[in-house]
């Protein structure tokens, strides 16, 4: 899929990966880059940079996403690419309060569900379209120190797989973005620690990987290419992989 002259929506566009996506898609010649985020002033600022529209949206609310899709399609035209990118992260295990589990579930998983629910029928009806859902390498592997993040990112990958399998022959293209550590608000203050693993990428590097994978219509977007080898090791010898992750967990605890 070429991005030139396309109508593109990016959620979580006010900062980090979403902001880098919006700028890169604009530079690729998109017809319109629609920026959505819960932070109104910041999303209006990036929309001004790319000459697009800004929408203040809480992706945890289905009505907000439904209204976003309807307004964009009514005012700008059919959405070619919808980047469901907004997400949150925090540490903790099964002891994390139920309300926080619900918050991260709604933002990291249900936001993708809502977008697909209200956009996929439209895309299929006109012959196809493209979804780019942001997950994480944690959705393919695991995230030491955070059960909620690991569980929800696995669910995000599973949903993307299901959408690709179910609608791929009807013209829907799906990619799922699975980076390791990226220099964003999520990693602020821990850059040295996370960089020691496999390095920390800039958001612009991730946006570049997204463009290349969308052009090739690849399902997995892996800005850190070594994640693919980690997946092979995991599936090749699950018991060994678990033992290795246990060692990593001990290092993390200390």
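Does the range 89-100 contain any residue that is in contact (Cβ under 8 Å) with a residue 60 or more places away in the chain and closer than 26 Å to residue 132 by Cβ? Taking every residue of the range 89-100 in turn, at least one turns out to be in contact (Cβ under 8 Å) with a residue 60 or more places away in the chain and closer than 26 Å to residue 132 by Cβ. Within the range 94-121, being surrounded by 15 or more Cβ atoms within 10 Å (Cβ to Cβ) and more than 20 Å from the chain's Cα centre (by Cα) holds for one residue alone: 96.
For the range 40-50, the set of residues classified as touching a strand residue (DSSP E or B) at 6+ places or on another chain (Cβ under 8 Å) and touching a residue at least 24 places away in the same chain (Cβ under 8 Å) consists of 43, 46, 47, 50, listed by residue number. Scoring residue 182 on the criteria (1) in contact with a helix residue (DSSP H, G or I) (Cβ under 7 Å, 6 or more places away or on another chain); (2) at pLDDT 95 or above; (3) surrounded by 20 or more Cβ atoms within 10 Å (Cβ to Cβ) leaves a single failure, condition (2).
Residues are listed down the side, and each one gets a yes or a no for (1) in contact with a strand residue (DSSP E or B) (Cβ under 7 Å, 6 or more places away or on another chain); (2) not in a loop (DSSP other than H, G, I, E, B):
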site	(1), (2)
104	no, yes
115	yes, yes
130	yes, yes
144	no, no
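Quick check: is even one residue across the range 16-32 closer than 21 Å to residue 175 by Cβ, in a strand (DSSP E or B), in contact (Cβ under 8 Å) with a residue 24 or more places away in the chain and touching a strand residue (DSSP E or B) at 6+ places or on another chain (Cβ under 8 Å)? Among the residues of the range 16-32, at least one is closer than 21 Å to residue 175 by Cβ, in a strand (DSSP E or B), in contact (Cβ under 8 Å) with a residue 24 or more places away in the chain and touching a strand residue (DSSP E or B) at 6+ places or on another chain (Cβ under 8 Å), which makes the answer yes. Taken over the range 212-250, the residue count meeting the criterion of being under 15 Å from residue 142 (Cα atoms) and free of Cβ contacts under 8 Å to residues at least 24 places away in the same chain is 15.
The values are calculated or read from the model by the stated rules, or taken from the named source; none is laboratory data. The structure displayed is predicted, hence computed values, not measured ones. FYI the Cβ positions are ideal-geometry reconstructions off the backbone, even for glycines, and counts take in every protein chain you see.
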